Amino acid sequence: MADLMLNSVTKIYRPRGREAVRAVSGLDMAVGDGEIIALLGSSGCGKTSTLRMITGFEAVSEGSISLGGRRLNELRPAERNVAMAFEGYSLYPPLTVRDNVAFALLRERAPREEVVRKVAEVAELVGIADSLDRFPSTISSGQQQRASLARALIRPAALHLLDEPMSQLEPQVRAILRARIKEWLKDRGMTAVVVTHDQTDAIALADRIAVMEASRLMQFATPAELRERPANLFVASFIGEPPMNLIEAEVAVGASGPRVVAPAAGSALTLDLPQTAALPAGHRVWLGLSPRHLAVGQGPHRAEVMVNQWLGDQTHLALEIDGLPLTAVAAGMVDAVPGEVVPFAVEPRGIHLFDCAEGAAIYHGSAEAA
Amino acid sequence: MQHTSWHWRLFKGICLALISLFFLFPILWVLLMSFQTNEDILRVPPSPFFTPTLDNYRALIAGELTGAGSTLKIAYMKNIWNSFVLSACSVLLSLLLGVPAAYAFARYRFRLGENIAFTLLSFRFAPPLLVLLPLLLYFQDLGLYDTYFGLIWVYQLITLPLILWIVRGYFEDVSPDIEHAYRIDGHSWLRSFLKIAVPLARPGIAAAALLAFIFAWNNFVFALILGSSDVQPVTVGALAFITASGIQYGQIAAGLVLSVIPTFVLALVMQRYLVEGLSLGAVKG
């Protein structure tokens, strides 16, 4: 249990005869003691390389990593006091699940009763109490994954690393396990880094989420902040299910103040911005409209319904205004058939603007509302 | 439609018996020959019926070859012992050098790594006769001629590449994360190699060791040139049966049977690993 600091951590792979590959570029992150963070990103974004540098299986090319004030760069994996659940489970094949889980404790010569008690406790937590006496090769991949998770969680290490800890589990089990794991980690004040490409896992488990893309850290913030104030175009297009509508647009100045006209070449949608949004007229921007803040049913705008999908607890609507596609999410059922023209309103807090050239956020409606 | 009727099973049984007989016949014939006198063997037409005799084995074990009226001293049992010493020591040395090397080639990418691995494999390409003459000259200068050590060293050309390349494949199949998990639990690199990597690759190591042993056991030309009768293995020793007074077929057969026993026993003992190993290699992952 300690704080983890990453200072300009960079990983460069230099394969012989080929160009060097930057897997992680200048990663700065400070994880507090007892905090759970998630590294979220698509495949190849550098999250696994980051994890492997923390564990010591990959050397750090530049920068430094410290845990509880202790510099890790030169330490061997065995000396770093970290526990890890591997994506490929990596259970020891000749040992039973019980011995696998108890392995680290037995090695530390923990008292017999304590080991038995802890194994039972953690097996109950992840739901593998029935398969403790079986061998890894005879249980399903989901159970192996849970056993691997148990093997990591049982250790009182300074840092817990969970690499895709729930990728093989069924949705129902996942939902339960997420809550249990979070409670387990929080109760014991454990610092943890969870690597995942699943947003729901990240949002449910982590206090803060580090969104990575193309070797860089895009934003490191709480789940709510990622949603309400995405720092750039990538985060806006990545977070949320369905993700934010993004339309190329232009800032104009109307009678009542600044407004944004979309798309840039036409004027299918014109939205007024508050006076405080000091934006020069003619500025090209990406307009982000969060689907949950498009209120269908009443409002000044009109759109044609293309698809109306009721998902059991919410409605996903594909709308079109003069050929401009928009996605909207409504909490209840929406009474509209495809082809019908419906009125809708854009809630001010659902408006985001991003710089066209750099992709950085320049305006958040939610910030104005707050 | 399933062929499970009794005549299908019978047909299958007969086919299998015929195929086995076809392949086992030479071995069976040699076994029968080893219990016959030279006269019985050479009669025309040949017959499977004869009075069995243990004279051939007796002569080999006593080390006295009795031909047409003369007696010849041979050291066949010594040759078998030499074969065993040479093959076993070669394989042990190759395991000691080859298994860690195979692990390094499988796990780490380093400068010239592939080139070194390929060079080691290329030892198997060169015909032994190509290197024998220079080797003989060097060995005589270095005092390695006619020593176990010299022969074991040369046998590395046979056993080391074999073990290195087979075992490397097995290490590549073992997930490195299992070792990572072990190391993160507080163990050194060496312990994770010895306690995790080697046991998991054991079927492959056993299979490679057995194959290497058989290859070493069957080697003829290195020992023929680089050693005298003191260190020569059974393959060279069998030449003694071609005497001035004729070829001693019965004793050759008995010698063959004796020389096959050690590899046969070893293969039986290691069969469990061997089958497991061969099938593991075929189905990756």
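The values are calculated or read from the model by the stated rules, or taken from the named source; none is laboratory data. Everything quoted here is computed from the prediction, not taken from an experiment. Please note: Cβ atoms are built from the backbone with ideal geometry, for glycine as well, and neighbour counts cover all protein chains shown. Ligands, DNA and RNA are excluded from the accessible area calculation, which covers all protein heavy atoms including side chains. Shrake-Rupley method; radii C 1.70, N 1.55, O 1.52, S 1.80 Å.
Accessible surface of A:R216, taken over heavy atoms with a 1.4 Å probe and every protein chain present, rounds to 130 Å². Interface size, chains A and B: roughly 1600 Å² of accessible area buried, both sides included, 1.4 Å probe, rounded to the nearest 100.
Note on A:T48: accessible area approximately 60 square angstrom, rounded to 10, probe 1.4 Å, nucleic acids and ligands left out. Here the relative contact order of chain A, from alpha carbon pairs under 8 Å that lie six or more residues apart, stands at 14 percent. With contacts taken as Cα pairs under 8 Å at a separation of at least 6 residues, the stretch A:2-48 carries a relative contact order of 38 percent. The gain in end-to-end length when the A:E79 to A:L106 segment is fully stretched comes to 8.0 nm, 0.36 nm per residue minus the alpha carbon separation. Solvent exposure of the stretch B:211-255, expressed per residue, is 36 Å² of accessible area, with all protein chains present and a 1.4 angstrom probe.
Contact residues in the stretch A:101-124 by the 40 Å² criterion (accessible area, 1.4 Å probe, full protein complex versus chain alone): A:F103, A:R107.
Largest to smallest in accessible area, the residues A:V82, A:V337 fall in the order A:V337, A:V82 (1.4 Å probe, all protein chains included).
Using the Cα coordinates of the stretch A:4-229, the gyration tensor eigenvalues translate into equivalent-ellipsoid semi-axes of 29, 20, 17 Å, sorted from longest to shortest. Residues considered: A:D163, A:D322, A:D198. Largest GNM mean-square fluctuation over chain A, using C-alpha springs under 10 Å, is found at A:D322. For B:F149 and B:L97, a Förster radius of 22 Å and the Cβ-Cβ distance give a FRET efficiency of 0.90, rounded to the nearest 0.05. The C-alpha radius of gyration of the stretch B:1-107, expressed as a fraction of 2.2 N^0.38 Å, stands at 1.81. Counting only heavy atoms of the protein chains and using a 1.4 Å probe, B:K195 has close to 110 Å² of accessible surface. Of the peptides A:280-292, B:79-91, the ranking by mean beta-carbon count within 10 Å, highest at the top, reads B:79-91, A:280-292. The Cα-based radius of gyration and maximum Cα-Cα distance (Dmax) for the protein assembly as shown are 37.3, 131 Å.
Here the protein assembly as shown has 61 percent of its accessible surface on carbon and sulfur atoms, given a 1.4 Å probe and all protein chains in place.
If the Kirkwood radius is taken over C-alpha pairs of the stretch A:238-369, then at 10 °C and 1.306 mPa s the Stokes-Einstein diffusion coefficient equals 105 µm²/s. In the stretch B:187-203, the residues that give up 40 Å² or more of accessible area when the other protein chains are added, compared with the chain on its own (1.4 Å probe), are B:H187. For the stretch B:159-185, accessible area lost to neighbouring protein chains reaches 20 Å² or more, against the chain alone with a 1.4 Å probe, at B:D177, B:I178, B:H180, B:A181, B:Y182, B:R183, B:I184, B:D185. Averaged over its residues, the stretch A:4-229 has an accessible area of 42 Å² per residue, based on protein heavy atoms and a 1.4 Å probe. If the chain linking A:I176 and A:E19 were pulled fully straight, counting 0.36 nm for each residue of separation and taking away their Cα-Cα distance, it would gain 52.0 nm. Of the residues B:S192, B:S175, ranked by 1.4 Å probe accessible area with the largest first, the sequence reads B:S175, B:S192.
Lys-Lys pairs in the protein assembly as shown that are eight or more residues apart or on separate chains and whose Cα atoms lie under 26 Å of each other come to 7. Springs between Cα atoms under 10 Å define the GNM used for chain A, and in it the highest mean-square fluctuation of A:E35, A:E62, A:E79 occurs at A:E79. Here, P(r) means the percent of Cα pairs in each 5 Å bin from 0 to the largest distance; for the stretch B:1-57 it is 4, 16, 18, 15, 11, 10, 8, 7, 5, 4, 1, 0.
Between B:S47 and A:S42, the distance separating the two model label sites (each 7 Å from Cα on the Cα→Cβ line) works out to 8.6 nm.
Over the stretch B:126-183, accessible surface divided per residue gives 47 Å², non-protein components excluded, 1.4 Å probe. Largest first, the residues B:L130, B:L268 sort by 1.4 Å accessible area into B:L130, B:L268.
If one computes P(r) from the Cα atoms of the stretch A:266-305, what percent of pairs lie at distances over 14 Å? Counting every Cα pair in the stretch A:266-305, those more than 14 Å apart make up 63 percent.
Spin-label pair A:Q314-B:E172: with each label point 7 Å from Cα along the Cα-Cβ axis, the two points sit 4.7 nm from one another. Across B:A206, B:A75, B:A104, mean-square fluctuation computed from a Gaussian network of chain B (C-alpha pairs under 10 Å connected) peaks at B:A104. The reciprocal of the average 1/r between distinct C-alpha atoms defines the Kirkwood hydrodynamic radius, which for the stretch A:175-307 equals 17.6 Å.
Over chain B, DSSP H runs of length four or greater, each weighted -39,500 (n - 2.57), average out per residue to a 222 nm ellipticity of -23000 deg cm²/dmol.
Once Rg and the Kirkwood radius are both taken over the C-alpha atoms of the stretch B:76-282, their ratio Rg/Rh works out to 1.05. For chain B, relative contact order (Cα pairs under 8 Å, six or more residues apart, normalised by length) works out to 29 percent.
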